[in-house]
Amino acid sequence: MNQKVICIEHEENVNQQSNIKLVDKIIENSFTDLWIRRKRKLFLVMDNAKYNHGKLFIEYLKQIRSEKGIKIEVIYLPPYSPNLNLIERLWKYSKDALLQVYYEKKEKFKSKIKEFFEEEVKDKLIKLELKTFIGTKFQIING
């Protein structure tokens, strides 16, 4: 598992097309020749939004497998479990960090968002804060 931050810019609602764009960028930025020769597998952890199950997106994942030989396994989180969705925690952290300032212009705000996700999250202190804030240890509670 690598810990690269991979971002795409998308101003509209998330949909199957934006998922495809993200998968392409993950493959472009994460897969070294050595990695592909050894593993040839990518795990996507996704929530149960309709666009994550859409025919266009699923067919695209199959196409990647047949054309590039990269197996993409989608792991769907249980329904109604935002507490397990680590990206939700990152969104909360980013909002807390970014909304402490008023931005006069939309372009400045967009620029700051991009800077946050592409640069600031790589800072050692922020990484440490994120590790504590987001966490990856979960306790299963049987009901």
Would you tally the residues in the range 64-81 being loosely packed, with under 11 Cβ neighbours inside 10 Å and either in a helix (DSSP H, G or I) or at pLDDT 95 or above (or both)? 2
Note on the range 82-98: residues modelled with pLDDT under 85 and either in a loop (DSSP other than H, G, I, E, B) or touching a helix residue (DSSP H, G or I) at 6+ places or on another chain (Cβ under 7 Å) (or both) are P82, N85, L86, E88, R89, L90
Failed item, numbered, when H53 is tested on (1) farther than 27 Å from K127 by Cα; (2) surrounded by 15 or more Cβ atoms within 10 Å (Cβ to Cβ): (2)
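Residue-wise test of (1) farther than 22 Å from N15 by Cα; (2) more than 19 Å from the chain's Cα centre (by Cα).
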| position | (1), (2) |
| --- | --- |
| G69 | yes, yes |
| R89 | no, no |
| D96 | yes, no |
| E115 | yes, no |
| K122 | yes, no |
| L125 | yes, yes |
| E129 | yes, no |
Give the number of residues within the range 1-51 that are closer than 18 Å to K62 by Cα, modelled with pLDDT under 75 and not in a helix (DSSP H, G or I). 3
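The values are calculated or read from the model by the stated rules, or taken from the named source; none is laboratory data. Owing to the predicted nature of the structure, the values given are computational and were not obtained by experimental measurement. Because the Cβ atoms are built from the backbone with ideal geometry, glycine has one as well, and the counts that use them run over all protein chains shown.
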